[in-house]
1. So residue 213 ticks every box in (1) surrounded by fewer than 17 Cβ atoms within 10 Å (Cβ to Cβ); (2) at pLDDT below 95 but one. Which box is left unticked?
2. Is one or more of the residues making up region 20-34 more than 27 Å from residue 266 (Cα to Cα) and among the acidic types (Asp, Glu)?
3. For region 154-165, which residues satisfy the criterion of being under 12 Å from residue 185 (Cβ atoms) and in a helix (DSSP H, G or I)?
4. Can you say whether residue 3 is part of a strand (DSSP E or B), of a type in the set (S, T, N, Q) and touching a strand residue (DSSP E or B) at 6+ places or on another chain (Cβ under 6 Å), as far as the supplied structure shows?
5. Look at region 137-180 and say how many of its residues are among the charged types (D, E, K, R), buried (at least 20 other Cβ atoms within 10 Å of the Cβ), modelled with pLDDT under 95 and over 14 Å from residue 207 (Cα atoms).
6. Would you be able to say whether some residue in region 135-157 is in contact with a Gly (Cβ under 7 Å, 6 or more places away or on another chain) and over 26 Å from residue 37 (Cβ atoms)?
7. Taking only pairs six or more apart or across chains, which ones have beta-carbon atoms under 8 Å, a first residue in region 50-65 that is without any contact (Cβ under 8 Å) to a residue 40 or more places away in the chain, and a second residue that is in a helix (DSSP H, G or I) and surrounded by 15 or more Cβ atoms within 10 Å (Cβ to Cβ)?
8. Just name the residue that is farthest from residue 206 (Cα to Cα) out of those in region 234-284 that are out of contact with any strand residue (DSSP E or B) (no Cβ under 7 Å at 6 or more places or on another chain) and surrounded by 14 or more Cβ atoms within 10 Å (Cβ to Cβ).
Amino acid sequence: MITNKLSKFFAIEIKNLDLRKITSKETINIISDLLLEFSVVVIRNQNITDDEHIKFSENFGTLELTKVGTDGSGSKLIILRNFDENGNIVPSTDRQRLNNLANQAWHSDSSFKKIPSKMSILSAKMIPSLGGNTEFLSMRASYNALPQELKLKIDDKICWHDYSHGRSKIDPNLVTPEEKEALPPVKQKLVLHDNRYGKSLYLGAHCRNVDGMSNNDSNALLAEINSYIDPKKFVYSHVWEPFDLIMWDNRAVLHRATPIKGKIQKRLMVRTTVAGQTSTINEY
């Protein structure tokens, strides 16, 4: 197994590995250790079926079932695409495209669940010729950049995460009543003491406010934190190649999609999400 570091603070690439031919737990443990240390793991040239994707993902834990209102609902797969069942690009006003637009905000998958996800595993099936990168922001490097006084101030803070919060900024009617009922707001720790590689911030588009603070004070605190986050220094922008597979630690990085450039071309990605085991409130 050959590895290549992709940025200064995090993200690593694995070469010469075929996920369909992994036979030992040792290889899975190596990948797990790399993810723990580098937060994002890129594995090239994985032309795998959906069943192979699921089988590989289940080596790392139980998979979440896709939430209501999302393509793939009730299954172990999330389908991310910009075209309909007939292969036609959907219009910009379509709910599918609006959800894709919402995914261009920094977020952590499933932070809006009481027990948020452990990791996501995304497979590129169809990619545009220009644009459509996925960017990752290291929340461990971001935490380390905070002044000590601010670290002490936020160490025990709790935030409310709400699926409707970020989506409503795109369209107030984007989240359906069914989704709101299934996904009520939940509490998450603002600072996660995740592993031997240090603490990380837990923020993103689903983070609505700091518990116990007025809206003004909450907004001011979150703005202060964000002022220390360097969007260039702490970001790895992944330029997709056909059949890339990327794994990321949802409790150590935020991610976002970036727009397709030029004429809109088809984009198809398939994702599994490995469930966490406990809430951040109890775990840390």
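The values are calculated or read from the model by the stated rules, or taken from the named source; none is laboratory data. Here the structure is a predicted model, which is why all the values come from computation and not from measurement. Neighbour counts run over all protein chains shown; Cβ positions are idealised from the backbone, glycine included.
1. Going through the list (1) surrounded by fewer than 17 Cβ atoms within 10 Å (Cβ to Cβ); (2) at pLDDT below 95, residue 213 breaks only (2).
2. Checked region 20-34: at least one residue is more than 27 Å from residue 266 (Cα to Cα) and among the acidic types (Asp, Glu).
3. Answer for region 154-165, where residues must be under 12 Å from residue 185 (Cβ atoms) and in a helix (DSSP H, G or I): 163, 164, 165.
4. Values: part of a strand (DSSP E or B): yes; of a type in the set (S, T, N, Q): yes; touching a strand residue (DSSP E or B) at 6+ places or on another chain (Cβ under 6 Å): yes.
The answer is yes for residue 3.
5. Kept after step one, since they are among the charged types (D, E, K, R), are these residues of region 137-180: 140, 149, 151, 153, 155-157, 162, 167, 169, 171, 178-180.
Next cut, buried (at least 20 other Cβ atoms within 10 Å of the Cβ) only: 140, 162, 167.
Still in the list and also modelled with pLDDT under 95: 167.
So of that shortlist, the ones also over 14 Å from residue 207 (Cα atoms) come out as none.
Residues flagged as among the charged types (D, E, K, R), buried (at least 20 other Cβ atoms within 10 Å of the Cβ), modelled with pLDDT under 95 and over 14 Å from residue 207 (Cα atoms) within region 137-180 amount to 0.
6. Checking region 135-157: not a single residue is in contact with a Gly (Cβ under 7 Å, 6 or more places away or on another chain) and over 26 Å from residue 37 (Cβ atoms).
7. 52/19
8. Going through the qualifying residues, I end up with 265.
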